[in-house]
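Notes follow once the structure below has been shown.
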Amino acid sequence: MYIIRNLPALMVGVGLILASRATAQTFTTLHNFTAIPGATSGTNDDGAHPSGSLILSDNTLYGTTTYGGYWGRGTVFAINTDGTGFTNLHSFSFSDGSNPQAGLVLSSNTLYGQHKMAA
């Protein structure tokens, strides 16, 4: 079982990717997202406010963040199920979309998703 979770408002932009067995009562943190300076603005390398659901393909999880990234408009990311290899696959820059708030769909080798707005 894999869970994506935002943390309380005092920890602006921080979120977690957690892993657990369905019958377990403990979770393993796979990735801590970096906090951003404002509630909905600011930049970082990995994104902030994870959103939507995670999808699993082989040993890789894919997901989105609503904020953060290189332009502060959200990201698409990948991470191995053992917590290694976190990769920011795309940082939205407003001209190509902004603030994804839903999960992704994987078909063949292509990820599909939706975002809030574009120029």
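The values are calculated or read from the model by the stated rules, or taken from the named source; none is laboratory data. Given the structure is predicted, the values throughout are model-derived calculations rather than measurements. Don't worry about glycine lacking a Cβ; one is built from the backbone with ideal geometry, like all the others, and counts go over all protein chains shown.
Would you check which residues across the range 47-79 are among the polar types (S, T, N, Q), in contact with a Ser or Thr (Cβ under 6 Å, 6 or more places away or on another chain) and surrounded by fewer than 22 Cβ atoms within 10 Å (Cβ to Cβ) and list them?
S51, N59
G42: at positive phi and either among the small types (G, A, S) or not in a strand (DSSP E or B) (or both), yes or no?
Criteria met by G42.
Considering only residues of the range 47-94 that are under 16 Å from T34 (Cβ atoms) and aromatic (F, W, Y), which is modelled with the lowest pLDDT?
Among them, the one singled out is Y67.
Suppose we filter the range 73-114 for residues that are in a loop (DSSP other than H, G, I, E, B) and within 13 Å of P50 (Cα to Cα); how many remain? Don't jump to the end; show me each part of the working.
The initial filter retains those residues of the range 73-114 that are in a loop (DSSP other than H, G, I, E, B), namely 74, 81-86, 92-93, 96, 98-104, 108-109, 113-114.
Now restrict to residues that are within 13 Å of P50 (Cα to Cα): 74, 99-104.
Qualifying residue count, the range 73-114: 7.
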